[in-house]
Amino acid sequence: MFNSIHEECGVFGVFENKTTNVAQTTYLGLFALQHRGQESAGIAVCDDGIFRHYKGKGLVENVFTKESLDSLGKGNMAIGHVRYSTTGGDNPNNIQPLTVRHVKGNLALAHNGNLTNADELRKSFEMNGAIFHATSDTESIAYAIVRERINSSSIEEAINHAMSDIKGAYSCIAMSATKLIAFRDPNGFRPLCIGYTADNGYVVASESCAIDSIGGKFIRDILPGEIVVITKDGITSIKDHCNEAPHKLCVFEFIYFARPDSVIEGSSVHHARITAGKYLYEESGVDADVVIGVPDSGLDAALGYSQASGIPYGIGFLKNKYIGRSFIKPSQAQRENAVRIKLNVIKETVEGKRVILIDDSIVRGTTSKRIVKLIREAGAKEVHMRISAPPFISQCYFGTDVDSKENLIACKYDNVSDIAKIIGVDSLAYLSLDAAHKLATNSKCDFCDGCFTGKYPVEVPTNIEKNKFEQKISESKNN
């Protein structure tokens, strides 16, 4: 059941000037990006043009053992991926990096985002004889590149041409026999940055925290529409698709997705969340005895609310860090207790007190209701909930797994007081849309807020389903 927002994906790539243990470096980088996807992980290594890859379902530490990392051998390039499925389910064939062999060599591809014309692309390729093995939109990107590669002088030229055909959100890393290439959609929906490795090589990652994790040094964000080509001779940049569209980074990167220690488009994620808490107090302050946050993304906003209001900040929950998304809940009773198993209230913090509870979002309301119940059972006298994002009223088409409109609680109930009654709080308030756009104080880009407004920066499909390529015949609308 969909009760909370899920991350999209994380990509990581490394290019060294000598043969080394790039698989281990990529493994560490993926650890730092684990928050962006917990369904599967994979690594592909290039050793003088020979590709080796290993991937599987689960968390990074579960997918890779010493033996599996050793089997990848050494090389001078590698790319990695952690996944939460958006288009395409958890089919094993969808696990990335995607590796293909074509007439002009090998290609490995890792993709964060979601194409808005994936269905159209797939149909056009299939009508010309293409055979798809996976059900994600990433395979369509690979086909688009390979098709252009036949008549192109280089892999980067092929990517440049392919970018004219693929629409939507994509922050990608591609690896050929001799080149590591990073490219980002013209709107820049998803983050992508580049840095130096400790050995003066290069690293590309979804977030700067992954560069930090390998002892690297951040250089800059890759521009929307830019293609960055890394070879033994250094870096070159192709900017033919830059400035084709307004920069519209997903605002939820600052509210929830990114790790607090990352810097995206010049702004600290931690500072953005502190700022969200301060805006929440300014817009909907209420008198109370303690401010607590729901781990993990609610904690910084709770601290910001506390700093602005002068109300003490408290640690209200202990989070069980050993339970991932694969946590099995075989019975109804265990499903009902899932929140209690993952989060336990520190009774001393809330007992007999008026509590301000900060969280990043409410989706269906089921999880929020259970969390509030836990706080009530621990003896809280009042519970006032504050959300560090505006209400979700629409789907996301760009790589965030936001539920369909009919399941979003803010679509079912227009009145915030009605939602407050359903989840069991004394009061409820959301961050305003205007404040959400002001969280990233040092960023010059604008933000995509389609999930809050229903208005999107690009044309979106009128009918799109996450697992549209995995339906049974009886479920298909074209049967």
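Calculate the spin-label point distance for T65 paired with H437, positioning each point 7 Å from the Cα along the beta-carbon direction, and give it in nanometres. Modelled inter-label distance: 5.3 nm. Calculated over the range 224-290, the projected area of the Cα convex hull averaged across directions stands at 7.1 nm². At most 10 other C-beta atoms within 10 Å and a DSSP loop state: those are the exposed trypsin sites (Lys or Arg not before Pro) I care about. Give me the longest piece of the chain that has none. With a cap of 10 other Cβ atoms within 10 Å, the longest stretch comes to 1-320. Note on D165 and I341: with the Förster distance fixed at 45 Å, the Cβ-Cβ geometry gives a FRET efficiency of about 0.45. Taking only the alpha-carbon positions of the range 166-224 and ignoring solvent, what does the Debye formula give for the base-10 log of I(q)/I(0) at q = 0.20, 0.25 Å⁻¹? Summing over Cα pairs of the range 166-224 leads to -0.73, -1.01.
Quick one: Cα centre-to-centre distance for the range 129-204 and the range 208-248, in angstrom? Cα centres, the range 129-204 to the range 208-248: 12 Å. In this label model, R220 and S154 are separated by 1.8 nm, measuring between points 7 Å along each Cα→Cβ vector.
Calculate the translational D of the range 45-170 in whole µm² s⁻¹ from Stokes-Einstein, where the hydrodynamic radius comes from the Kirkwood formula applied to all Cα pairs, the temperature is 25 °C and the viscosity 0.890 mPa s. Please report the intermediate quantities before stating the final value.
Numbers: Rh = 15.5 Å.
For the chosen part, D equals 158 µm²/s.
The calculated FRET efficiency for the pair E406 and S427, based on their C-beta separation and a Förster distance of 22 Å, comes to about 0.25.
Taken along its three principal axes, the alpha carbon spread of the range 263-453 comes to 46, 39, 35 Å, from the longest extent down to the shortest.
Please give the contour-minus-distance gain from N128 to K104: 0.36 nm per residue of separation, less the Cα-Cα distance, rounded to one decimal in nm.
Values: separation 24, 0.36 × 24 = 8.64 nm, distance 1.94 nm.
That works out to 6.7 nm of additional length.
Return the ratio Rg/(2.2 N^0.38 Å) for the range 79-238, where Rg is computed over Cα atoms only.
Values: Rg = 15.1 Å, N = 160, 2.2 N^0.38 = 15.1 Å.
Normalised Cα radius of gyration, the range 79-238: 1.00.
Sequence-ordered 3J(HN,Hα) estimates for the range 347-355 from the Karplus curve with 6.51, -1.76 and 1.60 and θ = phi - 60° stand at 4, 4, 6, 10, 4, x, 10, 8, 10 Hz, glycine and proline given as x.
To the nearest 20 debye, what charge dipole does the chain have about its Cα centre, counting +1 at the Cβ of each Lys and Arg and -1 at the Cβ of each Asp and Glu? Provide the component values of the computation, followed by the final result.
Working: 53 positive and 57 negative charges, 193 e Å.
Once rounded to the nearest 20, the dipole reads 920 debye.
In the chain, the DSSP-assigned H stretches of four residues or longer account for a calculated mean residue ellipticity at 222 nm of -7000 deg cm²/dmol, using -39500 (n - 2.57) per stretch and the full residue count as denominator.
Using Cα-only point scatterers and the Debye equation, what is log10 of I(q)/I(0) for the chain at each q in 0.08, 0.10 Å⁻¹, rounded to two decimals? Debye curve over Cα of the chain, log10 I(q)/I(0) at q = 0.08, 0.10 Å⁻¹: -0.48, -0.74.
Our coupling estimate for the range 46-52, obtained by passing each phi through the Karplus curve with A = 6.51, B = -1.76, C = 1.60 and θ = phi - 60°, is 10, 10, 6, x, 8, 9, 10 Hz, Gly and Pro reported as x. By the rule of a C-alpha distance below 14 Å, with chain neighbours fewer than 8 residues away ignored, the aspartates and glutamates paired with K74 are E16, D47, D48. Round to the nearest 0.05 the FRET efficiency obtained for E120 and N93 when R0 = 35 Å and r is the Cβ-Cβ distance. With R0 = 35 Å, the Cβ-Cβ based efficiency is 0.95.
Read-outs: derived from the displayed coordinates by stated rules, not from any lab. Here the structure is a predicted model, which is why all the values come from computation and not from measurement. Neighbour counts are summed over all protein chains in view; Cβ atoms, including those assigned to glycine, are modelled from backbone coordinates with ideal geometry.
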